Amino acid sequence: MLFNSFEFLFFLPIVFFLYWFVFKKIQLQNSLILIASYIFYGWWDWKFLGLIFLSTILDYTIGLLLRKTDNKKKRRYLLWCSLLFNLGILGFFKYYNFFVDNWILAWSNLGIQMNKSSLNIILPVGISFYTFQTLSYAIDVFRNKLEPTKNFIAFASFVSFFPQLVAGPIERATNLLPQFYQKRKFDYDLAVSGIKLILWGLFKKIVIADNCAIYVNEIFDTYQDQSSLTLILGAIYFAFQIYGDFSGYSDIAIGTSRLFGFNLMRNFNYPYFSRDIAEFWRRWHISLSTWFRDYLYIPLGGSKGPKWKQLRNVFIIFLVSGFWHGANWTFIVWGGLNALFFLPLLLTNKNRIHTDSVAKNNYIPNIKEIFQIFSTFIFTTFAWIFFRAETVNHAWKYILGIFNNQNTFKIDYISGLERFSFEVLFLIPIFCCFEWFYRVNETPFEGRFKNLNELIIILMLLVFGQFTNHSSFIYFQF
Amino acid sequence: MKKFIIYLVKRILIFGIILIVLDFSYTYIYVNKDTIRTKIEYIFQNKGKKYDYIFLGSSRVEFHINTFMIDKETGKKSINFGISGQNLPETFLTLKLLKQQNISAKKYFINIDEADLVEKSKKRFSGVSYFLPFIKNKVINNHLKEYDLDYFKDTKIPFYRYMNYGYKIGYRELLLKLGNKKRVKKFYIGLENVLKTDTISSDFKKKYDTELLNEISLFAKEKKIELIFYTSPYYNVKNETTFKEVLKKENIFPYIDSVTNPKLFKDAGHLNKYGADKFTKMLIRDFNLKTKITTTNYKNKKE
C-alpha cells in the first residue's frame, strides 16, 4: 500500500479509530498494529509476509536464547545465526543474480564460458529495511545494550510497524521496541505535529519528486538527444526527485507513527544546505548512516587508529552503503565517489567542523557559506548521476553528453513529453525557500506564517500534485 | 482527543472549501473562455457547422489523417476529431456531442483500433479528460454514467477530475487557455520522428468484443448518420488472423497492413507525417473523396 494512494486514505483513519477508540489496552493496540502492518504489507504481495514472519520468529527466539546464556561462544554462535539468516535472505533476494552475472562475466573475460543460471527473483519490498531493523535487535541484545523481550506481539509489531516497514527510517530496537511496552496516551501536540509532517511529506513526494520524475525519466532515457543544459537540469531534477521522494516518505512515516503515539528518529535534516560532504552524510538518510556507523564503522575501528585504517573504514562504509541500495555497479560507484569526496576532509581532520545549522540566526548565508553549499550540491548531484543511471556506462555517457552535446545553453523542449520543464524550475526554488527559512524547524508549519504556509502548501499540493503519473517511492526497491 | 478531532474537522473543511473553489474556477475558465484548445471545446463553440468529412478516433486519427491534404486535393471540407489517448467510448461520445451541437458531415469516418475491440473494453475511459469540464452537459453526463467506471469520482468529488487528469486538463492546460494559446484549426498533427528499430511488431492475439461497435452503428442508424469504420495501419502485424476476421464480419475497412515501410512509422502503432500523407492519399483514392461519396469503390477493389 502506498502512502499516496486512495487505499491508505481509508486505511489510516480506520486503524486510527480502532486504535484509540476500540482497542484501548496496550496488548490490543499492539495486536492491532501487527494486523494492520501485515495488511499494509500484504496489500503489495501477501506471499512475502512469510519472510517477515520468519525473520521475526528467528530473532525473537535468538533474543530469548541470548537471555538464557552467558557463554560467550554460544552467544557468538547465536548472533551468527541471526546474521547469516537475515543477510542470507537479503543476499538471495537482492544480490543472487548480481553475483551470478558478474561471476559468469569474470570467467568469460578469461575465455571460459559458463551457463547463465540467473533466477527470476522478485525483490520483496523493503527487505533491506526490516532485515537491518531485526539485525539491530539481535546485535544490541548480544552486546547487552538491550534486554531481550518476551513479548512476542510487541516484538512482531516492532519488526513490521507499518509506517516505517518498507522504506524506513531504520529504527534501532533500543529506541522503538521499548515504546511498544509503554502505555500510550493520546498526545494532542504529537498528533498535530504528525499531521503537519504528513502534509509536508506529501508535498515533497507528490509535488516535488513526482514532477521532477517526469522530466528525469525522459531526460535520462533520451540523454543522447538533449542539450548540455538539459542534461545538467536532468541531474539537478533527480537530486530533488530523490530527496523529495525519500525524505517525503520518511516524513509521512514519522508523522503517521506520531498519530499512534510513537516517536521515530529523524531521517533527513535539510541535507542540501550542507557545507561539506561529511555534513551532508550527517543530514542524509540519518537512520542508515548511523546504523552503519554503530554496527560496522565503529566495530571496524572507526576514526581511531592509523590514518590508513581510517581511510579503509571510510571506503568500506561508503561502498557497503552503496551496495545496500542495490545490486548494481552504479550504486557501488556512487558509494565510492562519496568516499572520494569525503577523503580530503578526513585527511585534513575537517570532517566534523560543520555540526551546527548553517547561517544560524541569519536570514541569508554569507558568500563563503553559499560557495560551500553550492559546491557540496554539485558533488552530490554528480554522484547522483551514477545512482540514477541504468549502468555505469550509461552514467558515463550522460556525463560526457554534458560536455559534448550541442546547444549548450538551450533548455530543450522535451519532445517525448511535448513540453518544457518550466514548472519544475518554478517549484524547486519555492521548495528551497520553504526549506531555507524554516530549516531550524521540522516543517514550515511552525513559527511565523505557519497557517499561511499550510494554506499555500495545500493549494500547491492540489494544483501541482501528480495524482495519476505518480511513481512508486524510489526507496521501495531497496 | 476532542481538541484533535476539532483540529482535523477544521482542516478537512478548509480542504473541502479549497477543492470546491478550485473546481469552480477551473470549470468556469474551461467553459467560458473562448480560446479553443481542445477538440471538445471546438465542438461547443462551433454549433451548426457543416462538413463533408469528419474523422473520429484516437491518436491514430489525430496523427494519421491529414485533413489539410484532403481539403486541398478534393476541394471538400473535412475535420480531424481524433484525440490522443481516446478509446471507442469517448469516440462514441464525440459523435453524440457532434449530433447534439448540430455539427454535421456527409460522411463520418471512425477509426477502430485493435485495443477498442479487446474483450471487456466497453467500460474503459482513458481519454475522457477533455470532456470533464463539461459534465453539466446532459449528453456527456449520461454517457459517462453508462461508460465511465470512475463516474462517481469524476463527477461528484470536487476537483477530482482536474487532479486525476492533471496531465490533460490540469494547471498547464488552464494556463495555456488563459494565455490564449490556440491550437491548429484542423487538429491534424503530423509526427516528425521515424521508427528507430524495425524489429518491433504489433502483436494481435486477443479475444474481441463488438458490442460497443454495434451500439454506435445503432445510434448512427437512428440518427441517420452515415458511418464508415476503418482500421489504420500498424507496423509489422503479427497474429492478426482473428482481428481480421472481426474486421471482415463487422464491415470495418482493414488497412492494418497497408503500409509496411518502417520509414513511414513513428512507432508500431503510429505513422509519421510521411506515412500519414501516404495513408490519407489511400483514403482519398479508395473512398473516392474527390467526387461522389461512396464506399463501393473500395469494396470492389478489395474483391
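The values are calculated or read from the model by the stated rules, or taken from the named source; none is laboratory data. Note that the coordinates shown come from a computational prediction; the quantities given were computed from them, not determined experimentally. Positions of Cβ are backbone-derived with ideal geometry, glycine not excepted, and every protein chain shown enters the neighbour counts. These area figures cover heavy atoms from the full protein model, side chains too; ligands, DNA and RNA do not enter into them. Shrake-Rupley method; radii C 1.70, N 1.55, O 1.52, S 1.80 Å.
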A:Asp189: passes all of (1) over 26 Å from B:Ile6 (Cα atoms); (2) open to solvent by 20 Å² or more (accessible area, probe 1.4 Å); (3) part of a helix (DSSP H, G or I) but (1)
Which of (1) touching a Phe, Trp or Tyr at 6+ places or on another chain (Cβ under 8 Å); (2) of a type outside the set (Gly, Ala, Ser); (3) open to solvent by less than 20 Å² (accessible area, probe 1.4 Å); (4) farther than 26 Å from A:Lys183 by Cα does A:Leu90 not meet, given it meets every other one? (1)
Using beta carbons and a limit of 7 Å, which pairs, at least six apart or on different chains, have the first residue in segment B:244-265 and within 20 Å of B:Phe287 (Cα to Cα) and open to solvent by 40 Å² or more (accessible area, probe 1.4 Å) and the second one aliphatic (A, V, I, L, M) and part of a strand (DSSP E or B)? B:Asp257/B:Val237
Please go through segment A:164-186 and give me each residue that is part of a loop (DSSP other than H, G, I, E, B) and within 16 Å of the chain's Cα centre (by Cα), ordered by number. A:Leu165, A:Val166, A:Ala167, A:Gly168, A:Pro169, A:Ile170, A:Glu171, A:Arg172
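Name the residue, out of A:Leu190, A:Leu199, A:Leu123, that is touching a Ser or Thr at 6+ places or on another chain (Cβ under 9 Å), touching a residue at least 12 places away in the same chain (Cβ under 8 Å) and of a type in the set (A, V, I, L, M). Talk me through it step by step, then tell me what you get.
Values: A:Leu190 fails: touching a Ser or Thr at 6+ places or on another chain (Cβ under 9 Å); A:Leu123 fails: touching a Ser or Thr at 6+ places or on another chain (Cβ under 9 Å).
Exactly one of A:Leu190, A:Leu199, A:Leu123 is touching a Ser or Thr at 6+ places or on another chain (Cβ under 9 Å), touching a residue at least 12 places away in the same chain (Cβ under 8 Å) and of a type in the set (A, V, I, L, M), namely A:Leu199.
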Filtered residues of segment A:216-230 (kept if assigned to a helix (DSSP H, G or I) and surrounded by fewer than 24 Cβ atoms within 10 Å (Cβ to Cβ)): A:Asn217, A:Glu218, A:Phe220, A:Asp221, A:Tyr223, A:Gln224, A:Asp225, A:Ser228, A:Leu229
Could you pull out the residue among B:Leu212, B:Leu178, B:Leu174 that is within 14 Å of chain A (Cβ to nearest Cβ), in contact (Cβ under 8 Å) with a residue 24 or more places away in the chain, surrounded by 18 or more Cβ atoms within 10 Å (Cβ to Cβ) and closer than 24 Å to B:Thr38 by Cβ? B:Leu174
Considering only residues of segment A:294-329 that are exposed (fewer than 15 other Cβ atoms within 10 Å of the Cβ) and charged (D, E, K, R), which is nearest to the chain's Cα centre (by Cα)? A:Arg312
From A:Gly194, A:Gly234, grab the single residue that is assigned to a helix (DSSP H, G or I) and within 27 Å of A:Phe382 (Cβ to Cβ). A:Gly234
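Given the options A:Phe449, A:Phe420, name the one that is within 14 Å of chain B (Cβ to nearest Cβ), surrounded by fewer than 15 Cβ atoms within 10 Å (Cβ to Cβ) and at pLDDT below 95. Quick ask: steps written out before the conclusion?
Values: A:Phe449 fails: within 14 Å of chain B (Cβ to nearest Cβ).
After ruling out the rest, the residue left standing is A:Phe420.
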When both residues are 6+ apart or on different chains and their Cβ atoms are under 8 Å apart, which pairs have a first residue that lies in segment A:92-107 and is over 17 Å from A:Glu390 (Cα atoms), and a second that is among the charged types (D, E, K, R)? A:Val100/A:Lys116; A:Ile104/A:Lys116
